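*Asks:* The structure's right below; bear with me while I get my questions together.
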Amino acid sequence: MRQQSKESGEGMPSILIVDDNQINLQLLCGMLAGMSWRVRPVASGIMALKAAMAKLPDLILLDAMMPGMDGFEVCRHLKQTPATEHIPIVMITALTDQESRMKALRCGADDFLSKPVDRSELQVRTKNLLRVKKYGDLLREYNEALTKEVMERTQELQGAYETLTSTQSQLLRQEKLASMGVLMAGIAHEINNPVGFISSNLQTLNKYVERMTEFIQAQDGALKESGCPGETADSLALLRRRLKLDHILLDSPSLLQESLDGAQRVRKIVQDMKLFSHANDDVPRSTDINLCLESTLNLLRNELKYKTTLRCEYGELPAVLCLPDQLNQVFMNLLVNAVHAIEVHGEVTVRSWRDGERVCVAISDTGCGIPADLRERIFEPFFTTKGPGKGTGLGLSISYDIVRNHGGEISVESEMGKGTTFIVAIPVNPSHPPLPLREGGGSNPPAGLDPQEGS
Ligand SMILES: Nc1ncnc2c1ncn2[C@@H]1O[C@H](COP(=O)(O)OP(=O)(O)OP(=O)(O)O)[C@@H](O)[C@H]1O
Ligand SMILES: [Mg+2]
């Protein structure tokens, strides 16, 4: 077996011998014959380059003086090529002067021999350089394996670090939302009762004022008709003026109406807070999302018609197992935001389509757009750019919560000055049916608030 491999030369170090002189070439081949090396003679610089590139040798014996491309040039070229730079080169030259040797070294030659070449010297130098090459190869292989392993480990570590960072920020967000949910459920509960009796008392008070007004007016008439003595009539008129009774009678209904509106607004905020803190209950139903969109748009027609041209492009959709009231609320929030984003007049487009096993709804507006640095924050509870009394900043965080509860995703694309598109994607058959949102949001916090998801 060993003999065979020696005959075919397979597995033996190969030596490329380059000399334009056939006699020298044969002489050198002869000197190396009988050793455990495979010898490949070539007769020119160009052929040497081709042969070396075709099959990398372990050593090159290179004649310095050749017509055409001389040994120095071949050497320089091989040493500058990454694939061949590690191959040891022994420059053979008839010139013994210092200058040629220096030139050979400058071209990258590893050793040199002078003509006439001595057989033993040639064999010893060849053996040494082949040994050095072997160790060099081993070292490089080891280095490459090491570098690969370090890179793989670094990548693994990088991946683990990224997972850890995102899990940490997700946990932080969940924690924040959970405590926010508990807080809001508590506040909502506390506010709900007093707001309830404030509203009811205001309505009763309204009726009382109406009755008192009616009585005072009737009394006025009766006093006039019964001919009340001048003195009494004067003092009553004076008192009436001093107490500003006419103004009170005139102003009371609007004061009461404003208070009722305020109480109504507080109720709405409390409702939102309750929903956000999972206080509502519902049963998942097989639903036509296009119908959801239509019914939500019906509620908003009035808001939409003054400022916007509405376009609806409904696709054919499969029924989705969902909590329709909650999805309606998502669409309502997105549509109201779209209207608010339009300053004077613009377009609102509602599109729906099926994307594999998901139903998608896009709500676009041609409004002001959302600055890039705010896009990450819009889903945070209480984040709003609207003035006091105009926005609570809960709309999108509630929407996010609802969509995630349906196993879906909500994403946003926006360009300043051009408009914004929110896309809601809901699975047709969620792996877990949407949970009725429960009291005390801490028990079921949303999984995260990354607005880039799915965008
Ligand atoms: N379509 C949109 N175009 C421009 N900005 C938007 C759009 N939708 C949302 N935003 C920005 O995101 C913020 C948060 O929206 P979100 O719906 O959560 O709260 P809000 O609309 O301010 O108040 P509300 O709780 O009454 O909905 C808005 O204040 C606004 O700055
Ligand atoms: Mg909103």
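*Asks:* Could you calculate the FRET efficiency of E144 with T165 from 1/(1 + (r/R0)^6), where r is the beta carbon distance between them and R0 is 35 Å, rounded to 0.05?
*Replies:* The formula returns an efficiency of 0.65 here.
*Asks:* In degrees from 0 to 90, rounded to the nearest 10, what is the angle of the helix 395-405 Cα long axis to the longest principal axis of the chain?
*Replies:* Tilt relative to the chain: about 60 degrees.
*Asks:* Quick one: length gained pulling A94 to C228 fully straight, 0.36 nm per residue minus the C-alpha distance?
*Replies:* That works out to 33.3 nm of additional length.
*Asks:* Roughly how many Å² is the accessible area per residue of segment 340-425, as a whole number, for a 1.4 Å probe?
*Replies:* Per-residue accessible area for segment 340-425 comes out at 45 Å².
*Asks:* Mind checking which aspartates and glutamates have their Cα closer than 20 Å to the Cα of K50? Skip sequence neighbours fewer than 8 apart in that chain.
*Replies:* Straight-line reach from K50, under 20 Å: D19, D20, D58, D63, D70, E73, E85.
*Asks:* Something else about it: Summarise the long-distance tail of P(r) for segment 2-117 by giving the % of C-alpha pairs beyond 24 Å.
*Replies:* Percent of Cα pairs beyond 24 Å in segment 2-117: 21.
*Asks:* Determine the equivalent ellipsoid of the chain by diagonalising the alpha-carbon gyration tensor, then write out the semi-axes as square roots of 5 times the eigenvalues, largest first, rounded to whole Å.
*Replies:* For the chain, the semi-axes come out at 96, 23, 21 Å.
*Asks:* Under a 5 Å amide H to amide H cut-off, with H placed in plane at 1.01 Å, what residues pair with L323 once short-range neighbours are removed?
*Replies:* Under 5 Å from the amide H of L323: R285.
*Asks:* If I model a spin label at I248 and S36 as a point 7 Å from the Cα along the Cα→Cβ vector, what separation in nanometres do I get?
*Replies:* 12.1 nm
*Asks:* Can you pull the percent of Cα pairs in segment 179-261 with separation above 22 Å?
*Replies:* Numbers: 1684 of 3403 pairs.
Roughly 49 percent, rounded to a whole number.
*Asks:* Please turn the phi angles of segment 376-381 into ³J(HN,Hα) values with the Karplus equation 6.51 cos²θ - 1.76 cosθ + 1.60 (θ = phi - 60°), one per residue in order, whole Hz, x for glycine and proline.
*Replies:* After applying 6.51 cos²θ - 1.76 cosθ + 1.60, I find 6, 9, 5, 8, 6, x Hz.
*Asks:* Relative contact order, percent, of segment 2-117 when contacts are C-alpha pairs under 8 Å separated by at least 6 residues? Provide the component values of the computation, followed by the final result.
*Replies:* Details: 189 pairs, mean separation 25.4, N = 116.
This gives 22 percent for segment 2-117.
*Asks:* I've got another one for you. So what are the ³J(HN,Hα) numbers for segment 339-354, from phi and the Karplus equation (6.51, -1.76, 1.60; θ = phi - 60°), rounded to whole Hz, Gly and Pro as x?
*Replies:* 5, 4, 6, 8, 7, 10, 8, x, 10, 10, 10, 10, 10, 9, 7, 9
*Asks:* How high is the relative contact order of the chain? Use alpha-carbon pairs under 8 Å, at least six apart in sequence, and give a whole percent. Can you show the working numbers first?
*Replies:* Working: 654 pairs, mean separation 55.5, N = 455.
Averaging sequence separation for qualifying contacts and normalising by length gives 12 percent for the chain.
*Asks:* May I pose another question? Using amide H atoms built in the peptide plane, which far-off residues or other-chain residues are under 5 Å from V359 H to H?
*Replies:* Amide H neighbours of V359, under 5 Å, 5+ apart: I426, V428.
*Asks:* May I ask you to work out the translational diffusion coefficient for segment 305-402 at 37 °C, viscosity 0.692 mPa s, via Stokes-Einstein with Rh from the Kirkwood sum over Cα pairs, reported in whole µm²/s?
*Replies:* Translational D for this selection: 223 µm²/s.
*Asks:* Given labels modelled 7 Å from the Cα in the Cβ direction, how far is it in nm from E121 to Q264?
*Replies:* 11.1 nm
*Asks:* What percentages make up the Cα-Cα pair-distance distribution of segment 248-365 when the bins are 10 Å wide from 0?
*Replies:* 12, 33, 31, 16, 6, 2, 0
*Asks:* How large is ³J(HN,Hα) for each residue in segment 321-331, as worked out from phi by the Karplus curve 6.51 cos²θ - 1.76 cosθ + 1.60 (θ = phi - 60°), to whole Hz, x for Gly and Pro?
*Replies:* 7, 7, 9, x, 4, 5, 5, 4, 5, 4, 4
*Asks:* Counting only residues 5 or more places away or on other chains, whose amide H sits under 5 Å from the amide H of E347 once H atoms are built in the peptide plane?
*Replies:* Under 5 Å from the amide H of E347: T309, T366.
*Asks:* Within the set K207/K305; K79/K148; K103/K148, which residue pairs have Cα atoms separated by over 32 Å?
*Replies:* Too far apart for the 32 Å limit: K207/K305; K103/K148.
*Asks:* Right, next: What full-extension length gain, to one decimal in nm, is calculated for R241 and T213 as 0.36 nm per residue of separation minus the Cα-Cα distance?
*Replies:* 8.5 nm
The values are calculated or read from the model by the stated rules, or taken from the named source; none is laboratory data. Everything quoted here is computed from the prediction, not taken from an experiment. All Cβ positions, glycine included, derive from the backbone under ideal geometry; neighbour counts span all protein chains shown. Heads up: the accessible areas ignore ligands, DNA and RNA and are worked out on the full protein's heavy atoms, side chains in. Shrake-Rupley method; radii C 1.70, N 1.55, O 1.52, S 1.80 Å.
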